[in-house]
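Report on the structure given below.
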């Protein structure tokens, strides 16, 4: 696989071996789609093989040649721009240049912008809090995203980033809304969704009373070149999935529970809330009554992490 590692490095601009600590990703030129990925990969690999030994991955690396690379990629002359490195099960498509593609792998989502906000509580006193507003590049329309309940419309969105007088003040006790409410039929299934830039499966942190019957899950997301913990809160369930317990892994599509109206008798719905765990805080050590404290987590607009349709 050494020749492939060198070809991969030449194509993406990434080093053939592990990145040194603290190093930055090199920028690479966009690929012109007049050529196939295979042609570009081969020309880049050929250039890399003729470079000086000091610029290659190691002095004992095998030389690159056509026979070494044969069978590891598929030419796509008759298809939309696309090539697959079969040996690595890695697909690249025409929507990304090598620069943006390499950033997706190594950096993930941008580091979040945490801003200070506030609103007036029902008793008249002002409360300050921090939140993570929707990033500008993320779609504003809620219909652009996938949700844990199929075909369930969003009837109340995230508004903690809005001015005080524009935040929700309805029949609910809370002022403002730190999540999204999805209306569905009683007992409609709630399934796990893989978040943007998520690593591995979700894990169950808590099952029990919180926002009515609630399930809280832990997710590890890639942000700014590092791993960060998020939690999702699934509230007002009728009941959790059978056998669901702390520590259980939930892959994409696994059943979390069923829509209900626990602690919300006037509306059958799912409350879905995303919170970023503070740096230095271990999500596994958070009890339900401390999970939403400002020193433990910061609320985020769910559109920052929900997968796109």
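Values in this text are rule-based calculations from the coordinates and carry no lab data. In this text the structure is predicted, and so the values were computed from the model without any measurement. Cβ: placed from backbone, ideal geometry, glycine included. Neighbour counts: every protein chain shown.
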Identify, by number, the condition in (1) surrounded by 17 or more Cβ atoms within 10 Å (Cβ to Cβ); (2) in contact (Cβ under 8 Å) with a residue 60 or more places away in the chain; (3) more than 16 Å from the chain's Cα centre (by Cα) that residue 238 doesn't meet. (2)
Selection within region 202-218 - under 15 Å from residue 276 (Cβ atoms) and touching a residue at least 60 places away in the same chain (Cβ under 8 Å): 205, 216, 218
Going by what's in this entry, would residue 249 be described as within 19 Å of the chain's Cα centre (by Cα), exposed (fewer than 13 other Cβ atoms within 10 Å of the Cβ) and under 17 Å from residue 191 (Cα atoms)? yes
When you go through (1) touching a residue at least 40 places away in the same chain (Cβ under 8 Å); (2) outside any loop (DSSP other than H, G, I, E, B) one by one for residue 199, which number turns out not to apply? (1)
Report whether or not residue 243 is without any contact (Cβ under 8 Å) to a residue 24 or more places away in the chain and at positive phi. yes
In region 252-309, residue surrounded by the most Cβ atoms within 10 Å (Cβ to Cβ) [restricted to those that are free of Cβ contacts under 8 Å to residues at least 40 places away in the same chain and not in a loop (DSSP other than H, G, I, E, B)]: 290
